[in-house]
1. What's the number of the only condition in (1) on the phi > 0 side of the Ramachandran plot; (2) touching a Phe, Trp or Tyr at 6+ places or on another chain (Cβ under 9 Å); (3) not basic (Lys, Arg) that GLY31 fails to meet?
2. Restricting to region 160-180, and then to whatever is small (Gly, Ala, Ser) and within 10 Å of the ligand (Cβ to nearest atom), can you tell me which residue is farthest from the chain's Cα centre (by Cα)?
3. So for region 126-136 (the condition being within 12 Å of the ligand (Cβ to nearest atom), part of a strand (DSSP E or B) and closer than 24 Å to GLY173 by Cα), does at least one residue qualify?
4. Answer yes or no: is there a residue in region 65-86 that is among the aliphatic types (A, V, I, L, M), touching a residue at least 40 places away in the same chain (Cβ under 8 Å) and touching a Ser or Thr at 6+ places or on another chain (Cβ under 9 Å).
5. List every residue pair whose Cβ atoms lie under 6 Å apart, where the two residues are 6 or more positions apart in sequence or sit on different chains, the first residue falls within region 218-246 and is more than 21 Å from ALA24 (Cα to Cα), and the second residue, located anywhere, is among the acidic types (Asp, Glu).
6. Report, by residue number, each residue of region 216-247 that is in a loop (DSSP other than H, G, I, E, B) and surrounded by fewer than 20 Cβ atoms within 10 Å (Cβ to Cβ).
7. Only one of ALA253, ALA186, ALA195 is away from the ligand (no atom under 15 Å from the Cβ) and farther than 30 Å from LEU22 by Cα. Can you tell me which?
8. Within region 154-195, how many residues turn out to be β-branched (Val, Ile, Thr) and in a helix (DSSP H, G or I)?
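Taken together, the values in this text are just the output of simple stated rules run on the coordinates, not laboratory data. Small disclaimer: the values here were computed from a predicted structure and weren't measured. Positions of Cβ are generated from backbone atoms using ideal geometry, with glycine treated the same way; all protein chains shown enter the neighbour counts.
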Amino acid sequence: MRKIIIAGNWKMNNTISQAQDLMAALIKNGGDMHKVEVIVAPPFTALRSVYDILGQSSVHIAAQNLFWEESGAYTGEVSPMMVKETGCKWVIIGHSERRQLFGETNDTVNKRTTAALRIGLKPIVCIGETLEERDSGQTFEVLNRQLEGGLKDLTGENMAKVSIAYEPVWAIGTGKTATSAQAQEAHEKIRAKLASMFPQGVADKVRILYGGSMKPSNALELLSLPDVDGGLVGGASLNAHDFIEIIKAGIKAEQL
Ligand code: PEP
């Protein structure tokens, strides 16, 4: 009932020409990609050319961020309408790199999420604990706080358009992946928390993606877990072969 999402977060990688090469390889070799929901999130500069090259394919594009104001004196920022105009259907919000390096807070996550929904973009809201927080037994307190703050004042109708990415910070770009038990436990608790904030029917509908060193060798195991509804893939999404293998794992998991 929850279609698997495989989303590639390119971070600050790929010029326009590199992006075009990567997308040409994805289209050529991606196979039955329509059986899952495939999303790629290039940097702002490559969004439109990736959109153009994807053409009629089932792959959608996401921005990696947006600002919440509509226009004005916000040098360096990109508005929700500007993002939408590139052809984006999705936007990643609150990635841990933005939280750690660019001062993103639960409050700004909430502003961006609300602005995205207002313009008709589907947010992928990222949450996750640091190693220190996990080791000191605070994981679920942190996740709950991020959900409460980031999703504050959303209606159930809007929440049904949001996906959550659970990305333990200690697993991002480190090669360390959460075990299946750790991932399932976190996803189950996230869904339970959503059910306490929104109607159960909404919590049952929300796709919760796992992110953190997902690769071809661990994707099927993670994507087969009952509360894991997809993957947010960083490093491995920069390599067409690896990304396609993860998409294939998603297609397999979808059929289980
Ligand atoms: C990410 O950037 O969202 C991510 C999960 O990165 P990686 O797959 O490289 O750990």
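1. (2)
2. Of region 160-180, the ones small (Gly, Ala, Ser) are 160, 163, 165, 171, 173, 175, 178, 180.
Narrowing further to those that are within 10 Å of the ligand (Cβ to nearest atom): 165, 171, 173, 175.
Values: ALA165: 5, ALA171: 15, GLY173: 15, GLY175: 18 Å.
Here the answer is GLY175.
3. yes
4. yes
5. ASP227/GLU188
6. SER224, LEU225, PRO226, ASP227, ASN239
7. Working: ALA253 fails: farther than 30 Å from LEU22 by Cα; ALA186 fails: away from the ligand (no atom under 15 Å from the Cβ).
Residue meeting the stated conditions: ALA195.
8. Of the residues in that region, 2 qualify.
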